[in-house]
Amino acid sequence: MVRRAHQSLLVPALVAATLSACSIGQKPQRPAWRTQAENACLAERRVNPSEFIALAPEVDGPGICGLTRPFKVTALQGGAVSFNATATLDCSMVAELDAWLADTVQPAAQARFGQKVVQINSMGSYACRGMNNQRGAQLSEHSFGNALDIGGFVLADGREITLVRDWRHGDDQTRAFLMDVHRGSCGHFSTVLSPGSNAFHYNHIHVDLALHGRSGRSICKPAPQETLPPPDASPLIAQG
């Protein structure tokens, strides 16, 4: 998975962060591992630019916020799954989101509803801000285009599924679909925060590829639960 490439850069990243902290009076610099990860992803051609995924100019600041090689994304899966608004993301996030759609979202939608997802309703990609939009907080992965907030999905028949309504109050199969998506997300991203994780994520799923300490641990909240079986299928059992 793409996130393993991020983890392989962790040790040199920690060293670089220590050295950069010693530079006094210089403009703060983004940790070197972030640019290294972007360049490695591009070199390995994990993302193929297209009419839906376009390379954009560097985003440099304010402060250490930004991306060296950002992508402007209007759709994934070769254009089959659109975004409600253009997302600014780094290469690894684009690649992992595409894999997540193929491995998790579309199989779950097909099993639960007999049709595919055609749109992701995003609530935020790149934004230079603190975690949970709190002033003075540690910078969010959104500050580096390394995160996406997902407010819901649109199915092929036009039906809209929203986290704020359907996580708790949707019908059985809709709630199970969102639980399937949450569980599968935890296998693709290093941070997954869905409704029930904390008060800030009551209306969306946050996914990112952050490096969490030397161990490269992951955060998946709330803990995945067993879900109802899809129509005419055996139960889906929570993994992990």
Residue pairs qualifying under the 7 Å Cβ cut-off, at least six apart or on distinct chains, with the first in region 195-219 being closer than 24 Å to residue 95 by Cα and the second being assigned to a loop (DSSP other than H, G, I, E, B) and of a type in the set (Phe, Trp, Tyr), are 207/189; 208/189; 209/189
Can you name the residue in region 188-217 that is surrounded by fewer than 18 Cβ atoms within 10 Å (Cβ to Cβ) and more than 25 Å from residue 135 (Cα to Cα) and is also modelled with the highest pLDDT among such residues? 217
Just checking, does region 220-230 include any residue being in contact (Cβ under 8 Å) with a residue 60 or more places away in the chain and either loosely packed, with under 15 Cβ neighbours inside 10 Å or more than 15 Å from the chain's Cα centre (by Cα) (or both)? yes
So residue 66 fits all but one of (1) touching a residue at least 40 places away in the same chain (Cβ under 8 Å); (2) touching a Gly at 6+ places or on another chain (Cβ under 7 Å); what number is the exception? (2)
For the subset of region 50-70 comprising residues that are among the small types (Gly, Ala, Ser), part of a loop (DSSP other than H, G, I, E, B) and at pLDDT 95 or above, which member is surrounded by the most Cβ atoms within 10 Å (Cβ to Cβ)? 56
Where a residue in region 124-137 is surrounded by 14 or more Cβ atoms within 10 Å (Cβ to Cβ) and its partner, wherever it lies, is in a loop (DSSP other than H, G, I, E, B) and of a type in the set (A, V, I, L, M, F, W, C), with Cβ under 8 Å and at least six apart: 128/65; 130/137; 131/137
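From the list 180, 166, which one is surrounded by fewer than 22 Cβ atoms within 10 Å (Cβ to Cβ), in contact (Cβ under 8 Å) with a residue 12 or more places away in the chain, in a helix (DSSP H, G or I) and in contact with a strand residue (DSSP E or B) (Cβ under 8 Å, 6 or more places away or on another chain)? It would help to see each step written out before you state the result.
Numbers: 180 fails: surrounded by fewer than 22 Cβ atoms within 10 Å (Cβ to Cβ).
Just a single option satisfies the conditions, and that option is 166.
Scan 80, 99 and give me the residue that is surrounded by fewer than 17 Cβ atoms within 10 Å (Cβ to Cβ) and either among the hydroxyl-bearing types (Ser, Thr, Tyr) or within 15 Å of residue 207 (Cβ to Cβ) (or both).
Result: 99 is the single residue among 80, 99 that is surrounded by fewer than 17 Cβ atoms within 10 Å (Cβ to Cβ) and either among the hydroxyl-bearing types (Ser, Thr, Tyr) or within 15 Å of residue 207 (Cβ to Cβ) (or both).
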Unique residue being buried (at least 22 other Cβ atoms within 10 Å of the Cβ) and part of a strand (DSSP E or B) when the list is 47, 73: 73
Could you tell me which of the residues 40, 87 is surrounded by 15 or more Cβ atoms within 10 Å (Cβ to Cβ) and over 18 Å from the mean Cα position of the chain (by Cα)? 40
Which condition number in (1) surrounded by 15 or more Cβ atoms within 10 Å (Cβ to Cβ); (2) part of a helix (DSSP H, G or I); (3) within 17 Å of the chain's Cα centre (by Cα) is the one that residue 173 fails? (3)
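The values are calculated or read from the model by the stated rules, or taken from the named source; none is laboratory data. Keep in mind that this is a model prediction, so the values were computed, not measured. Methodologically, a virtual Cβ is constructed for each residue, glycine included, from the backbone with ideal geometry; neighbour enumeration extends over all protein chains shown.
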